[in-house]
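For reference, the structure is listed below as structure tokens.
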Number of protein chains: 2
Amino acid sequence: MKFPKISEAVVRRLPMYLRFLNELAKSDVQTVSSQDLGRRLDLNPAQIRKDLAYFGEFGKKGIGYDVGYLVEKIRGILKLDQEIRVALVGAGNLGQALCNYNAYLKDNMRISAVFDANPNRIGDRINQLSVQPMEELVRTVREQHVRIGIITVPATEAQRVADQFVEAGVEGIMNFAPAIIKVPSQIRVHYADFTIELQSLAYYLNRGETEEEE
Amino acid sequence: MKFPKISEAVVRRLPMYLRFLNELAKSDVQTVSSQDLGRRLDLNPAQIRKDLAYFGEFGKKGIGYDVGYLVEKIRGILKLDQEIRVALVGAGNLGQALCNYNAYLKDNMRISAVFDANPNRIGDRINQLSVQPMEELVRTVREQHVRIGIITVPATEAQRVADQFVEAGVEGIMNFAPAIIKVPSQIRVHYADFTIELQSLAYYLNRGETEEEE
DNA sequence: TAGATTGTTAATCGATTAACAATC
DNA sequence: TAGATTGTTAATCGATTAACAATC
């Protein structure tokens, strides 16, 4: 199941398709066309067909795509047909939020360990999990076959945590800290950088506007 | 200060430049070249020069860019030279995390009001702010001249909250809920969709790998 | 059969990169 | 002056969209 060189843009659309398809499945919709998908997701139908066609012929001409079948296929492509273990470092507000989201991530991703550098937090229970000290990270991650590491620590600590994850052998890192981290090239890093999102949003505000109707 | 049609990609790089420039300024670095920036941010220097040139001639040939001057310019472009008020709806884990981040967003964005639909949370204090009931959203947002709304509620409630923000006159919305929201076209929506980021990360994992050295 | 919709090729559009004259 | 680096034009690359034959 090897695929050609797929662009990042394509890969990032797959989870969007999946989410909508899951909604459709829940509503017992059997079939969906690229036009339906496009209307809902604000995408060009041709783009959707092209995206899917990179991975196989999932549709039927004249009919569209079988919802259940397409869900299975996309899950397979994204490797969500197996459980993927995740570890999180930084049990602060954001880290706790993500742990509790666990339900949300249910789509076969599971946070299976939480770590923190603050001794006061060690042993705290977050959504079934007990917060562990940093010293146990490498061993635990290896033992549990954790494949993705989530970083929710201050920017100054991000690189250090990333190094530990790398040492422990994770394959991907999701970094919420506002910092660029350096890792070996075979390890994939995705950023969730809230500040950048918010600052770029500011660009689109209307200039000035401090004067108001009183 | 009106600019030509700038692509989203360019706008999203500006905050990255800003962040690194701020670091340089703190280290008392006077001057930076597009090559320095590119090395650090993993971008092509030509791209950086081109990005900046959309907005003016900020550099000196043979020298580079003055760090302090460029910081001021980018802040102006992003409209961060004025305080931008932000309101947040959903005082759950994630909402609280973002409120406490307030320090981080200090770059002239300030969360000035927090709302929640849960009666038990009304009046709770989060980082100086008292959680208000949804009924007060429209009035408060108008009074405080809030320009950006942050949504951190469950997906099922996201559209309802967005509608309220729109009614109250915000100019931009930052949506953390895993749901697409519909708003009038003059209102800008940015998504911070953690699930999509994580699922697309899974794509890049190595297939299979459940068998391990034991 | 007529209508709908896919998969795919070709056309278009836009973004990134290279190259270089201008100049500090 | 020689070396460095910008701003900008031209070349390249890649992604999106249009179009349409195949076919359910």
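The values are calculated or read from the model by the stated rules, or taken from the named source; none is laboratory data. Here the structure is a predicted model, which means the values were calculated and not measured. Every residue, glycine among them, receives a Cβ derived from its backbone with ideal geometry; neighbour counts consider all protein chains shown. Remember, those area values only see protein heavy atoms, side chains included, never the ligands or the DNA or RNA. Shrake-Rupley method; radii C 1.70, N 1.55, O 1.52, S 1.80 Å.
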Students often check this: by mean Cβ neighbours within 10 Å, which of A:127-134, B:71-78, B:25-32 ranks highest, and how do the rest follow? B:71-78, A:127-134, B:25-32
Per residue of A:189-196, what is the mean number of Cβ atoms on other protein chains within 10 angstrom of that residue's Cβ? 6
In chain A, which residue puts its Cβ closest to the axis that turns chain A onto chain B, and how many whole Å away is it? A:Ala97, 3
Shielding of B:70-79 by other chains, given as the mean Cβ count within 10 Å, works out to 2
Shortest first and in nm to one decimal, what separations exist between B:Glu143 and its copies in the other chains, measuring from label points 7 Å along the Cα-to-beta-carbon line? 5.5
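Please compare each pair in B:Lys26/B:Lys50; A:Lys50/A:Lys73; A:Lys26/A:Lys50; A:Lys5/A:Lys60; A:Lys5/A:Lys79; A:Lys5/A:Lys26 to a cut-off of 22 Å on the Cα-Cα distance and tell me which ones are over it.
Over 22 Å apart, Cα to Cα: B:Lys26/B:Lys50; A:Lys26/A:Lys50; A:Lys5/A:Lys60; A:Lys5/A:Lys26.
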Across the identical copies, how the B:Ala46 labels are spaced - nm, sorted shortest first, 7 Å along Cα→Cβ: 2.8
Just to confirm my numbers, what's the Cα centroid distance between the range B:56-94 and the range A:42-56 in Å? 37 Å
Each label sits 7 Å from Cα toward the beta-carbon; between A:Arg207 and B:Asp28 the label points are separated, in nm, by 3.7 nm
What residues of the range A:129-147 lose no less than 30 Å² of accessible area with every protein chain in place versus their chain by itself (probe 1.4 Å, heavy atoms only)? A:His145, A:Arg147
For the range A:84-198, projected area of the alpha-carbon convex hull averaged over all directions, nm²: 6.8 nm²
Express in nm, to one decimal, how much length is gained between A:Phe58 and A:Arg39 on full extension, taking 0.36 nm for each residue of separation and deducting their alpha carbon distance. 4.9 nm
Cα-based radius of gyration of the protein assembly as shown once divided by 2.2 N^0.38 Å, which approximates compact folds: 1.02
Calculated label separations, A:Tyr69, copies of the chain, 7 Å along the beta-carbon direction, nm: 6.3
Using alpha carbon centers only, the range A:138-196 is separated from the range A:1-40 by a whole-angstrom value of 28 Å
Would you mind giving the total buried accessible surface between chains B and A, with a 1.4 Å probe and ligands, DNA and RNA left out, rounded to the nearest 100 Å²? 6700 Å²
Quick one: if the Förster radius is 22 Å, what FRET efficiency do A:His145 and A:Lys182 give, using the C-beta to C-beta distance and rounding to 0.05? 0.35
In a solvent-free Debye calculation with one equal scatterer on each Cα, what is log10 I(q)/I(0) for the range A:8-77 at q = 0.12, 0.15, 0.19 Å⁻¹, listed in the order of the q values? -0.25, -0.40, -0.67
